[in-house]
Amino acid sequence: MTDKTTATASESGLDTIPPNEQVDVVLDTDTYNEIDDQYALVYAILSNKINIEAIHAAPFSDALAEDVRDASNPGEWMELSYEEIHRLLDRLNKSKSEFVFKGSDSYLQRPDEPIESEAVDNLIRIAKQDRPNRLFVVAIGAPTNVASALLKQPKIAEDIVVVWLGGDAIPWPQTNQFNLAQDIFSSQQLFDCGVPLVHIPTRPVSEKLKTTVPELERHVKNRGDIGNFLFSRFAEYEAKYKNDCPNSTYSKEIWDLSAIAYLINHNWVETTLIHSPRITTDADRAPDPSRHFIREAKDLGRDKIFNDFFEKLEKNTEFSDYDYN
């Protein structure tokens, strides 16, 4: 990179994180969508490197939720995420008072109109607090809450760094990824507004974080109530999607661990500076060398991340053979 590029990154908060420095974090998560957010939330809470100041429930539009609850819109699924966050915190014996906030009940309908919610107001409040370094906002779902906060109070872009998992990397042939495509206006806001952004593509980066029931049975099951709960979520998911081939092998991405791992040890998630691409209305990404810089992940160390998660889970739990079936 040129000196100009380096200076721009430094000024905008995109320098990599010092290895011994704790970071303040707001976690924005569609926790009841799939099963990876649960793992990421637990990973963050068990990591001394991360000081979680709040957890915000994000909206989403499709999940196992529709099989077990009468949920039919992003707001109802956000409520399911809110409930799942509480289930996780209960099993971690963490206080939830003034810690978990409900997010948007719909997606942005216009590019310049935020969706009001508890999470939006709380993010603005926390971002404005005095602190020695920027607040990290880790968004691992549709970025509706984060984009709404930036629209409502643009000056918080000077106080935060957004780490967002969504979309695919250029030149991936098709980038219509779930987190990005659900709320196009919010995704565009992240890439357009100039907020310091660390972008973690699903493909070909976080998709590498695949695991299996046998691996989790060895390293997660019986690691306290929270370990059994996480294992049961994965086993339930496998059972749902292996129905047609019960004797076949099965692995599943725990995508969202990558965003937490970046904060714990940025060497585990290889990144580079690129010009922020434009997000088109059909959820594609168009390169544009005239735009500001963002940091984008290019690769990650799958085994290092999983080993760290397993070690933290074992260190912070006691043996428990409770069966959640």
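The values are calculated or read from the model by the stated rules, or taken from the named source; none is laboratory data. In this text the structure is predicted, and so the values were computed from the model without any measurement. Positions of Cβ are generated from backbone atoms using ideal geometry, with glycine treated the same way; all protein chains shown enter the neighbour counts. To get the accessible areas, we keep the full protein, side chains included, count just its heavy atoms, and leave off ligands, DNA and RNA. Shrake-Rupley method; radii C 1.70, N 1.55, O 1.52, S 1.80 Å.
Odds and ends about this structure:
- Verdict on residue 158 being surrounded by fewer than 16 Cβ atoms within 10 Å (Cβ to Cβ) and within 26 Å of residue 240 (Cβ to Cβ): no
- Residues satisfying the stated conditions in the range 237-263, i.e. part of a helix (DSSP H, G or I), touching a residue at least 12 places away in the same chain (Cβ under 8 Å) and either out of contact with any helix residue (DSSP H, G or I) (no Cβ under 7 Å at 6 or more places or on another chain) or more than 27 Å from residue 94 (Cα to Cα) (or both): 237, 238, 240, 262, 263
- Test set (1) over 26 Å from residue 163 (Cβ atoms); (2) in a helix (DSSP H, G or I) - residue 230 fails condition number: (1)
- Single condition residue 318 does not satisfy, out of (1) more than 26 Å from residue 88 (Cα to Cα); (2) over 18 Å from the mean Cα position of the chain (by Cα); (3) among the acidic types (Asp, Glu): (1)
- Of all residues making up the range 176-197, the number that are of a type in the set (D, E, K, R) and open to solvent by less than 30 Å² (accessible area, probe 1.4 Å): 1
- Top-ranked residue of the range 204-227 - restricted to ones that are open to solvent by 10 Å² or more (accessible area, probe 1.4 Å), part of a helix (DSSP H, G or I) and touching a helix residue (DSSP H, G or I) at 6+ places or on another chain (Cβ under 6 Å), ranked as farthest from residue 271 (Cα to Cα): 225
- Some residue of the range 113-135 being on the phi < 0 side of the Ramachandran plot, at pLDDT below 95 and open to solvent by less than 40 Å² (accessible area, probe 1.4 Å): no
- Residue in the range 277-285 that is under 21 Å from residue 20 (Cα atoms) and of a type in the set (Val, Ile, Thr) present: no
- The range 78-98: number of residues that are at pLDDT below 90 and open to solvent by less than 80 Å² (accessible area, probe 1.4 Å): 1
- Matching residues in the range 124-169 - criterion: being within 23 Å of residue 286 (Cβ to Cβ) and either β-branched (Val, Ile, Thr) or not in a loop (DSSP other than H, G, I, E, B) (or both): 139, 144, 146, 147, 150, 151, 157, 162, 163, 164, 165
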